[in-house]
1. Work out, step by step, the length gained on full extension between Q82 and R30: first 0.36 nm times the residue separation, then minus their alpha carbon distance; give nm to one decimal.
2. How much length is gained on full extension from R1 to S56, taking 0.36 nm per residue of separation minus their Cα-Cα distance?
Amino acid sequence: RGELLLCISLPHLLGLERAPSLEEILRSSRRLMVVQSEGTRLAFPVAEVQGPVRFSPRDLLLLPAHVQSSSPAYTHGLLSWQNRSVGLLDAGLLLSAVNGNLL
């Protein structure tokens, strides 16, 4: 009646400064984002979920220098959305990195 999924800390994987521990994230998060790609299903604790957002590639902004140095391989660029800057992550590279670390 259920399924066990591996739960991954995105801040830790992305190498973000002051990344909270997985336990802190789970205590403060009430939601899990489940991602499936090529037969792999993983869960990520999230603070909020907004749903799919459509955008044009022309809307993608360059990453600031301090972001480029922390996780350039996973981040394509920034989108301006609802008065926020939102990073666009490469799901394929992210899942490949997770799978590579599991082996």
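Any read-out appearing in this document is the output of simple, stated calculations on the displayed coordinates, not a laboratory observation. Because the structure is predicted, anything quoted here is derived from the model rather than measured.
1. This chain segment gains 16.5 nm when fully extended.
2. My answer for the length gained is 15.8 nm.
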